[in-house]
Amino acid sequence: MERILCISTYEKGQDFLRACAEAGVRPTLLTVDKLRNANWPREALEDLSTMPENLTSEQILNTASWMARGRRFDRVVALDEFDLEIAAEIREHWRLPGMGVTTTAFYRDKLAMRTGARDRGFPVPEFCRVLNYDQLRVYVAEVPAPWLLKPRTSASALGIRKIRDPEQLWRTLDELGDRQSHFVLERFVPGEIFHVDSIVSEGNVVFSTAHQYGRPPMQVMHEGGVFTTRTVDRASRDWTELTALNARLAPAFGLGHGVTHAEYIKAHADGKFYFLEIAARVGGAFIADLVEASTRVNLWREWARLEVAQLRGERYVLPAVTENYAGSVLCLSHTADPDTSAFDAPEIVYRMKKHHHAGLIVCSDRAQRVAELLEDYSARFAKMFLATMPAPEKPTA
C-alpha cells in the first residue's frame, strides 16, 4: 500500500486527507498534542500521531523516523506553511522525491524568493538583506522611505513593520538584536494587492485564478477592519497580465508539482505589477473555498490528486473548470457566534463557521455583481460585527 506522511501543526487540509484515502493512498497525520481531538477525518487516516509543540527540527525528524520504522512512507507533505522546512528536511534525510531544503526556501524565505525573482528577471520592489550595515546605509540613502521591515519566514502580514526614516530603522534593528538578520528591508510600494492561486504539474501552471484584495492584508492585520477579496474580471488587462506573470513565476524556483499562493502589487506610480511573495501551499482566510465557489476546483483535493499521480507515475488531469466570479467578506466578530441571517442575497454560497468570526462567500456570473455585494456587505459587517485586537505574533489558523 502506498502511504503519505502529512505534517500539520495547524488544523487544516481535511479535504487533502480525504482525497488521498479516496485514491487508495492511506495518509498518516503528524500534528501537535493540542490538536489530537480536532476535526480530522479519522475515517480517512491510517494513523494520527501527535507531538508536543515547539520541538526542534531534530526532534521532529527523530519522531517521524521512529514512525517510519513500522510504516514505509512514500511521500512527505506539509499541509501548513510553517511545516514546509521540516518536511523538506525529512525528505532529504529519507531521500524521498519532492522539494528539498534549498528549493523550499524560495517558497518560504522572503529574502530567498526576492533574490530568486530578481535574478530571473521578475519585477520586485527594491530590497536589502539585513546583514551588512554598510550595505544598509547605501540602500536607505538611495531608496526613498518609507520601507517595510519583514520577517523572512512569517506567513501573511505577521510581524511586518513600516519604517519611516533611518533613525527608526537603526532603533528597530537595535531592538531586534541577534534576530535582525531574519528580516528583509523592502521599499514600500503604494498600490493594489492581488493574489493568484495555482496548480503546478510537471513544472507548468495548469490552473490559476486571480483575485484582488479590498484592503491590503497588512493594513487589516495591523489596523483591523473587514477583509475582502474577489475574482478579477477575466476580460480585464489585470487578469491577462497577472496570469501570464504568475505562469512564469510560480514554477520558476523549482516547484515541479503542487499548489501555490502568490501575491503581487499593482503600483499606483506606474501601473505595473511587482512580485511580493509566493508560498507552496493553499491560501488561508477561506481562499480555498472562494476558489472552489467560482471555479469548482477544490485546491486541497487537487493537490492530493497531484501527489498521488506523481507517486504512481501517472499524468495529472485537471477537472472541468467553471468561470464564475466569487468574493468573500470576513472579519473578527465581537460575538462568539455571529448571526449572518440578515444577509440574504441569493448569490451567497457559503457562510463561515468559525469562533468569533463573521464571513460570507458570494458567487455570480458577473464580476460587477460580486463587487457590489462586497461593497455593501463589508460596510454592514463593520457596523454589525467588527471587533479589533492587536496583531498576533504567530498565526492562529
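Can you tell me the FRET efficiency between residue 119 and residue 62 if r is taken as the Cβ-Cβ distance and R0 is 45 Å, rounded to the nearest 0.05?
Details: r = 36 Å, r/R0 = 0.80.
E(calc), rounded to 0.05, equals 0.80.
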Hydrodynamic radius (Kirkwood) for the chain, which is based on Cα pairs only, to one decimal in Å: 22.1
Distance (nanometres) between label positions extended 7 Å along Cα→Cβ at residue 135 and residue 296: 5.0
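Give me Rg/Rg_expected for the stretch 1-61, where Rg uses Cα atoms only and Rg_expected = 2.2 N^0.38 Å with N residues. It would help to have the intermediate numbers written out before the result.
On the way: Rg = 11.6 Å, N = 61, 2.2 N^0.38 = 10.5 Å.
In units of the globular-protein estimate, the stretch 1-61 measures up at 1.10.
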Cβ-based charge dipole, the stretch 23-175, positive-most Cα from 31, 73, 51: 73
Residue 235 paired with residue 145, simple spin-label distance in nm, labels 7 Å along Cα-to-beta-carbon: 4.7
Net +/- balance of residues flanking residue 73 in space, Cβ distance below 13 Å, scoring K and R +1, D and E -1: +3
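Percent of Cα-Cα pairs more than 16 Å apart in the stretch 200-264, please.
Pairs farther apart than 16 Å: 54 percent.
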Per residue, the convex hull volume that the Cα atoms of the stretch 147-214 enclose (Å³): 122
Computed accessible area, residue 266, all protein chains, 1.4 angstrom probe, square angstrom: 50
Å³ per residue enclosed by the Cα convex hull of the stretch 236-309: 111
Cβ-defined net charge surrounding residue 223, 15 Å radius [Lys, Arg +1; Asp, Glu -1]: +3
Where 357, 182 fall by accessible area, highest first, once all protein chains stay in place (1.4 Å): 182, 357
Accessible-area composition of the chain, carbon plus sulfur, in percent [1.4 Å probe]: 47
Length added when fully stretched, residue 314-residue 388, from 0.36 nm per residue minus Cα-Cα: 21.8 nm
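Given +1 on the Cβ of Lys and Arg, -1 on the Cβ of Asp and Glu, and no further charges, what dipole in debye does the chain carry about its Cα centre, rounded to the nearest 20?
Approximately 380 debye in magnitude.
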Residue 96 accessible area, 1.4 Å probe, all protein chains in place, Å² to nearest 10: 40
Length released on extending from residue 372 to residue 94, taking residue separation times 0.36 nm less the Cα-Cα span: 94.9 nm
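222 nm [θ] for the chain, helices only, -39500 (n - 2.57) per DSSP H run of 4+, per residue, to 500?
Details: 12 runs with 128 residues, N = 397.
Helix contribution divided over all residues of the chain: -9500 deg cm²/dmol.
Expected output is a single nm value to one decimal: the length gained when fully extending between residue 180 and residue 39, i.e. 0.36 nm times separation in residues minus the C-alpha distance. What is it?
Details: separation 141, 0.36 × 141 = 50.76 nm, distance 3.77 nm.
Going from the current span to full extension adds 47.0 nm.
The values are calculated or read from the model by the stated rules, or taken from the named source; none is laboratory data. Predicted, not measured: the structure shown is a model, and the values here were computed from it. Reconstructed Cβ throughout: ideal geometry from the backbone, glycine too, with neighbour counts over all protein chains shown. Calculation scope for accessible area: heavy atoms of the full protein, side chains included, ligands and nucleic acids excluded. Shrake-Rupley method; radii C 1.70, N 1.55, O 1.52, S 1.80 Å.
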